[in-house]
Amino acid sequence: MTDRVDDELWSAIGDPTRRQMLDLLLAAGSGTSTSLSERLPVSRQAVAKHLAVLDRAGLVHGRTAGRERHYRIDEEQFARALAQLNAVSTAWDGRLRRIKRLAEALQNIDEERGTPPPDHEGTDA
């Protein structure tokens with residue numbers, strides 16, 4: 001896996017309807033626009049458009065069978081997405097720990113100086 005985050009992949013996963021579709025496909029193994037639209041609060045046409053986005057991102061692949069196109073999760077690309085999510089999560093955990101340490105250090109300095117904490121009443125903060 002590269003350290004580069006795939007923006008197209010994350011844009012595809014960023015939509016809640018597409019995430020629901022991925023959940024349904026993972027649970028069922030495969031699905032069509034029709035079968036997925038029966039379980040989602042969107043039209044069959046909307047499902048088809050969402051599947052096209054997921055397909056372009058490589059998260060699903062379709063095969064035509066009769067009049068329908070059956071979609072399955074691409075396990076390799078899905079594993080890549082999970083690995084990227086874990087990497088981003090780890091990086092942000094580290095950043096947040098550093099921010100917390102800085103905030104605590106500033107608070108300690110203020111306490112040593114006897115400076116009262118800032119009053120945030122009436123602000124948008």
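General observations
- Against the test of being charged (D, E, K, R), modelled with pLDDT under 90, farther than 17 Å from D7 by Cα and under 25 Å from the mean Cα position of the chain (by Cα), the options D74, D93 yield a single qualifying residue, D93.
- Scope the stretch 68-85; condition outside any helix (DSSP H, G or I) and acidic (D, E); matching residues: E68, D74
- Taking (1) touching a helix residue (DSSP H, G or I) at 6+ places or on another chain (Cβ under 8 Å); (2) within 14 Å of S11 (Cα to Cα) in turn, S37 satisfies each apart from (2).
- Within the stretch 64-109, if we keep just the residues that are of a type in the set (D, E, K, R) and in contact with a Ser or Thr (Cβ under 9 Å, 6 or more places away or on another chain), the residue that is nearest to G29 (Cα to Cα) turns out to be R72.
- Pick from the stretch 10-66, criterion closer than 29 Å to A87 by Cα and more than 20 Å from the chain's Cα centre (by Cα), ranking: surrounded by the most Cβ atoms within 10 Å (Cβ to Cβ): G62
- The single condition among (1) in a helix (DSSP H, G or I); (2) in contact with a His (Cβ under 9 Å, 6 or more places away or on another chain); (3) surrounded by fewer than 14 Cβ atoms within 10 Å (Cβ to Cβ) that V88 does not meet is (2).
The values are calculated or read from the model by the stated rules, or taken from the named source; none is laboratory data. A quick note: this is a predicted structure, and the numbers were derived from the prediction, not measured. Note that we place each Cβ from the backbone using ideal geometry, even for glycine, and neighbour counts take in every protein chain shown.
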